[in-house]
1. Between a first residue in the stretch 206-225 that is more than 12 Å from VAL170 (Cα to Cα) and a second residue that is open to solvent by 60 Å² or more (accessible area, probe 1.4 Å) and of a type outside the set (S, T, N, Q), which pairs have beta carbons less than 6 Å apart while being 6 or more apart in sequence or on different chains?
2. Exactly one of these conditions fails for LEU177: (1) closer than 30 Å to GLU209 by Cα; (2) open to solvent by 30 Å² or more (accessible area, probe 1.4 Å); (3) in a helix (DSSP H, G or I). Give me its number.
3. Within the stretch 180-232, restricting attention to residues that are of a type in the set (Gly, Ala, Ser) and part of a loop (DSSP other than H, G, I, E, B), which residue is surrounded by the most Cβ atoms within 10 Å (Cβ to Cβ)?
4. Suppose we keep only residues that are under 19 Å from the mean Cα position of the chain (by Cα) and open to solvent by 50 Å² or more (accessible area, probe 1.4 Å) within the stretch 151-174. Which one would you say is farthest from ARG122 (Cα to Cα)?
Amino acid sequence: MLFRSPAAALLEVMAAQATISLDAARLYRDVAQREARIRRLVDANIVGIFIWEFGGGVAEANEAFLRMIGYDREDLGAGRLHWTHLTPPEWRDRSAAAIDELKATGIMQPYEKEYIRKDGGRVPVMLGSAAFADGSKQGVSFVLDLTELKRAERLNAQVFERAPDGICIVGRDYRYLRANPVYTRRWGAAAERIVGMHVADVLGTDVFEQILKPRLDRCFAGEEVAFEWVAEARGRLFIAVTYSPLRLGSSEVERSEEHTSEL
């Protein structure tokens, strides 16, 4: 039987301790680096970020979120921020469903809602959240201010409705998603009924199959298509048409926009 000297045993213990210390140092360094990256994201104020409690309290928030809702650091420190109080009554059922989703899965898929500002106004937001996995009954939310987007949507809606040309939006199933008053008047379609109707039902099966469908298919493939044709359905109209692809969050064309004018 071989016996190790006390010095050798001590060296082995010291080596093991050194290895543990090095591993711990690497772990602490990695944690510190991750925390630094998260802190840079929070401090960059690109989006609103806040840490919440299931009970309704807001434990921490970055400047972007505080500006969004009109509160300041003093309000946060005094405990005046509660996400339950920030949520308008008509959004509370949706928020409750989101909390149930968080408790069940730990993640809440992003959705649109509104917050009540300190001055009583409303701010439209896109909200996504995740619960912490440490059993603290807390989580983090990322909030995107949709004010400018909503303003642009309203402006686009006004342009759409007041445009001198006929404009419609058609889905891949060749059914109308939207049409402005000029378009519906031109083709004698009821504005409140055209949504959901097939193009062939409004403009005729022959016109759809021979003239419009081939060009719509090119548009759905990503091509802008301009052409002219003579419509006989409501008198003799010389029509200039442009089909433009609309992309919804991906490279796939999911609908087309048509601009028509009489020549």
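The values are calculated or read from the model by the stated rules, or taken from the named source; none is laboratory data. Owing to the predicted nature of the structure, the values given are computational and were not obtained by experimental measurement. Neighbour counts are summed over all protein chains in view; Cβ atoms, including those assigned to glycine, are modelled from backbone coordinates with ideal geometry. To get the accessible areas, we keep the full protein, side chains included, count just its heavy atoms, and leave off ligands, DNA and RNA. Shrake-Rupley method; radii C 1.70, N 1.55, O 1.52, S 1.80 Å.
1. Here the result reads VAL225/ARG215; VAL225/ARG218, each pair linking the stretch 206-225 to a residue that is open to solvent by 60 Å² or more (accessible area, probe 1.4 Å) and of a type outside the set (S, T, N, Q).
2. Going through (1) closer than 30 Å to GLU209 by Cα; (2) open to solvent by 30 Å² or more (accessible area, probe 1.4 Å); (3) in a helix (DSSP H, G or I) one by one, LEU177 breaks only (3).
3. Within the stretch 180-232, the first condition is being of a type in the set (Gly, Ala, Ser), and the residues that meet it are 188-191, 196, 200, 204, 221-222, 226, 231.
Next, from what is left, pick out any that are part of a loop (DSSP other than H, G, I, E, B): 188-191, 196, 204, 221-222.
Details: GLY188: 9, ALA189: 19, ALA190: 8, ALA191: 12, GLY196: 11, GLY204: 17, ALA221: 10, GLY222: 11.
Once the filter is applied, the top-ranked residue is ALA189.
4. The residue in question is ASN156.
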